[in-house]
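K.L.:
What follows is a single structure, and I will ask about it in a moment.
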Amino acid sequence: MSDGILLAGVIGEPIAHTRSPALHGHWLARYGIEGHYVPLHVSRERLHDTIQLLPELGFSGINVTIPHKEAVLQIADSVTDRAALIGAANTLTFTANGKLQADNTDGYGFLENIRQMTPDWTAAEGPALVLGAGGASRAIVSTLLTSGCPHIFLVNRTRARADALQDHFGARVQVADWTHIPDLLPETALLVNTTALGMTGKEPLHINLDRLNPTTVVNDIVYTPLETDLLAEARARGCHTVDGLGMLLHQAAPGFERWFGLKPEVDDELRRVVLGG
Ligand code: ATR
């Protein structure tokens, strides 16, 4: 065991780009907790053995990133309902009785971010229009549905992936073509981009926002740049916009609380730290 020094980290491949150590490191320093949060480069081949070893080394838990988010479900002793529903986990906790619990906090992070930035908003307010059908979309769709969103229009370049999500989540999810986005905008209460489009270095996101309602809340999970073209254009049309950085920050909080024993604050100082390096 680790002699009272608390340990946690993040496993993935690649792992060099991760901002999670800066994020958790800031919280550890701010709250004066004696602990460390480290990035661990772990291949698919070493995943199982590494996870078995970590509690013996004194780790309380770990975050999981690409490409292991699905595979860890097979290794866990227990899987939370929301991780099972999403079909992936990002937060593993080694419990006191030596068991491994897998959870998914991506949807929680998404929701907390919108709630913090838009206190009056509720998921029940009206239909959501979600762009993309990958892993992030799965977590967001799942969370919106369990939070009372009445209907979700799902648009994706590869229609089969969107159809698979509809099959998984049921009739409240309706797949639509990219070309129909302008027709859906007037009734959209929440517009979310979960694709990588608009991220620095990627292709731009091209959608015609002429029919976007100023009461629509617009969220992009991309946070490089912080204000994407989608958010800038929506803001210019009078919409309330929410950038993607908060989702990254909020999804980290439940793990920190479990492993280091204290619910951390997501505030502007943390945003500056995570953007800074
Ligand atoms: P994540 O876990 O971040 O969601 P992902 O599972 O690879 O990553 O999903 C990426 C999403 O961005 C998908 O919806 C993808 O569309 P496809 O399913 O058609 O691949 C979308 N995406 C990525 N690049 C795109 C592009 N150039 N045009 C349109 N959609 C794109």
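K.L.:
Is there any pair linking a residue in segment 147-170 that is free of Cβ contacts under 8 Å to residues at least 40 places away in the same chain and over 24 Å from Gly126 (Cβ atoms) to one that is of a type in the set (Gly, Ala, Ser) and near the ligand (Cβ under 10 Å from one of its atoms), with Cβ under 7 Å and at least six apart or on different chains, and which?
P.N.:
Once the first residue is free of Cβ contacts under 8 Å to residues at least 40 places away in the same chain and over 24 Å from Gly126 (Cβ atoms) and sits in segment 147-170, its partners that are of a type in the set (Gly, Ala, Ser) and near the ligand (Cβ under 10 Å from one of its atoms) give Arg161/Ala133.
K.L.:
Another question about this same structure. More than 16 Å from the ligand (Cβ to nearest atom) and of a type outside the set (A, V, I, L, M, F, W, C): does that describe Gly107? Quick ask: steps written out before the conclusion?
P.N.:
Working: more than 16 Å from the ligand (Cβ to nearest atom): no; of a type outside the set (A, V, I, L, M, F, W, C): yes.
So Gly107 does not fit the description; no.
K.L.:
Say we look at segment 179-192 and pick out the residues that are in contact (Cβ under 8 Å) with a residue 24 or more places away in the chain and out of contact with any Ser or Thr (no Cβ under 8 Å at 6 or more places or on another chain); which of these is surrounded by the fewest Cβ atoms within 10 Å (Cβ to Cβ)? Don't jump to the end; show me each part of the working.
P.N.:
The first filter runs over segment 179-192 and keeps only residues in contact (Cβ under 8 Å) with a residue 24 or more places away in the chain, leaving 180-192.
Checking the rest, the ones that are also out of contact with any Ser or Thr (no Cβ under 8 Å at 6 or more places or on another chain) come to 180-184, 186-187, 192.
Values: His180: 12, Ile181: 20, Pro182: 13, Asp183: 12, Leu184: 16, Pro186: 10, Glu187: 14, Val192: 27.
Ranking the qualifying residues of segment 179-192, first place goes to Pro186.
K.L.:
While we're here: Looking at the structure I just gave you, is Gln166 away from the ligand (no atom under 16 Å from the Cβ), surrounded by fewer than 21 Cβ atoms within 10 Å (Cβ to Cβ) and either part of a helix (DSSP H, G or I) or polar (S, T, N, Q) (or both)? First the steps, then the outcome.
P.N.:
Working: away from the ligand (no atom under 16 Å from the Cβ): no; surrounded by fewer than 21 Cβ atoms within 10 Å (Cβ to Cβ): yes; either part of a helix (DSSP H, G or I) or polar (S, T, N, Q) (or both): yes.
So Gln166 does not fit the description; no.
K.L.:
I've got another one for you. Check Thr215 against each of (1) in contact (Cβ under 8 Å) with a residue 12 or more places away in the chain; (2) more than 16 Å from the ligand (Cβ to nearest atom); (3) not in a loop (DSSP other than H, G, I, E, B); (4) not aromatic (Phe, Trp, Tyr) and name the one condition it does not meet.
P.N.:
Result: Thr215 passes all but (3).
K.L.:
For the list (1) over 16 Å from Gly255 (Cα atoms); (2) under 22 Å from the mean Cα position of the chain (by Cα), I need the number of the one condition that Leu57 fails.
P.N.:
In the conditions (1) over 16 Å from Gly255 (Cα atoms); (2) under 22 Å from the mean Cα position of the chain (by Cα), Leu57 misses (2) alone.
K.L.:
A follow-up question, please. Within the group Glu70, Glu56, Glu45, which residue is more than 19 Å from Ala8 (Cβ to Cβ) and away from the ligand (no atom under 16 Å from the Cβ)? Write out each step before concluding.
P.N.:
Numbers: Glu70 fails: away from the ligand (no atom under 16 Å from the Cβ); Glu56 fails: more than 19 Å from Ala8 (Cβ to Cβ).
Step by step, each of Glu70, Glu56, Glu45 is checked, and only Glu45 is more than 19 Å from Ala8 (Cβ to Cβ) and away from the ligand (no atom under 16 Å from the Cβ).
K.L.:
Condition check: farther than 17 Å from Leu129 by Cα and either aliphatic (A, V, I, L, M) or in contact with a helix residue (DSSP H, G or I) (Cβ under 7 Å, 6 or more places away or on another chain) (or both). Does Leu248 satisfy that?
P.N.:
Working: farther than 17 Å from Leu129 by Cα: yes; either aliphatic (A, V, I, L, M) or in contact with a helix residue (DSSP H, G or I) (Cβ under 7 Å, 6 or more places away or on another chain) (or both): yes.
So Leu248 passes the test.
K.L.:
Could you check segment 128-163 and list, in sequence order, the residues that are crowded, with 19+ Cβ neighbours inside 10 Å and over 15 Å from the mean Cα position of the chain (by Cα)?
P.N.:
From segment 128-163, those crowded, with 19+ Cβ neighbours inside 10 Å are 128-133, 136-145, 149, 152-156, 162; that's our starting set.
The answer is Ala128, Leu129, Leu145, Cys149, Ile152, Phe153, Leu154, Val155, Asn156, Ala162.
K.L.:
Something else now. Give the residues of segment 180-220 that are β-branched (Val, Ile, Thr), under 16 Å from Trp121 (Cβ atoms) and out of contact with any His (no Cβ under 7 Å at 6 or more places or on another chain), sorted by residue number.
P.N.:
Residues of segment 180-220 that are β-branched (Val, Ile, Thr), as a first pass: 181, 188, 192, 194-195, 200, 207, 215-218.
Still in the running and under 16 Å from Trp121 (Cβ atoms): 188, 192, 215-218.
Answer for segment 180-220, where residues must be β-branched (Val, Ile, Thr), under 16 Å from Trp121 (Cβ atoms) and out of contact with any His (no Cβ under 7 Å at 6 or more places or on another chain): Thr188, Val192, Thr215, Thr216, Val218.
K.L.:
Can we say Thr195 is within 30 Å of Val274 (Cβ to Cβ), touching a residue at least 40 places away in the same chain (Cβ under 8 Å), assigned to a loop (DSSP other than H, G, I, E, B) and of a type in the set (S, T, N, Q)? Walk me through it before giving the result.
P.N.:
Values: within 30 Å of Val274 (Cβ to Cβ): yes; touching a residue at least 40 places away in the same chain (Cβ under 8 Å): yes; assigned to a loop (DSSP other than H, G, I, E, B): yes; of a type in the set (S, T, N, Q): yes.
Taking the combined requirement at face value, the residue satisfies it.
K.L.:
Please find, among Ala136, Ala89, Ala102, Ala84, the residue that is farther than 16 Å from Ile221 by Cβ and assigned to a helix (DSSP H, G or I).
P.N.:
Working: Ala136 fails: farther than 16 Å from Ile221 by Cβ; Ala89 fails: assigned to a helix (DSSP H, G or I); Ala102 fails: assigned to a helix (DSSP H, G or I).
After applying the criteria, what remains is Ala84.
K.L.:
Suppose we keep only residues that are part of a helix (DSSP H, G or I) and touching a residue at least 40 places away in the same chain (Cβ under 8 Å) within segment 112-127. Which one would you say is farthest from the chain's Cα centre (by Cα)?
P.N.:
Step one: list which residues in segment 112-127 are part of a helix (DSSP H, G or I), which gives 112-117, 123-125.
Applying the additional criterion that residues be touching a residue at least 40 places away in the same chain (Cβ under 8 Å) yields 112-114, 116-117, 123, 125.
Numbers: Glu112: 10, Asn113: 10, Ile114: 12, Gln116: 15, Met117: 16, Ala123: 17, Glu125: 22 Å.
Here the answer is Glu125.
K.L.:
Among the residues of segment 218-229, are any part of a strand (DSSP E or B), of a type in the set (D, E, K, R) and either modelled with pLDDT of 95 or more or near the ligand (Cβ under 10 Å from one of its atoms) (or both)?
P.N.:
Filtering segment 218-229 for residues part of a strand (DSSP E or B) gives 218-220.
Subsequent filtering for residues that are of a type in the set (D, E, K, R) retains 220.
Filter once more, so that each one left must be either modelled with pLDDT of 95 or more or near the ligand (Cβ under 10 Å from one of its atoms) (or both): 220.
Yes.
K.L.:
Considering only residues of segment 13-38 that are in a strand (DSSP E or B) and crowded, with 20+ Cβ neighbours inside 10 Å, which is farthest from the chain's Cα centre (by Cα)? Outline the logic, then answer.
P.N.:
Of all residues in segment 13-38, those in a strand (DSSP E or B) come to 35-38.
Narrowing the set further to residues that are crowded, with 20+ Cβ neighbours inside 10 Å leaves 35, 37.
Details: Gly35: 24, Tyr37: 19 Å.
In this case the residue turns out to be Gly35.
The values are calculated or read from the model by the stated rules, or taken from the named source; none is laboratory data. Since the model is a prediction, treat every value here as computed from it, not as a measurement. We place every Cβ from the backbone using ideal geometry, glycine too, and count neighbours over all the protein chains shown.
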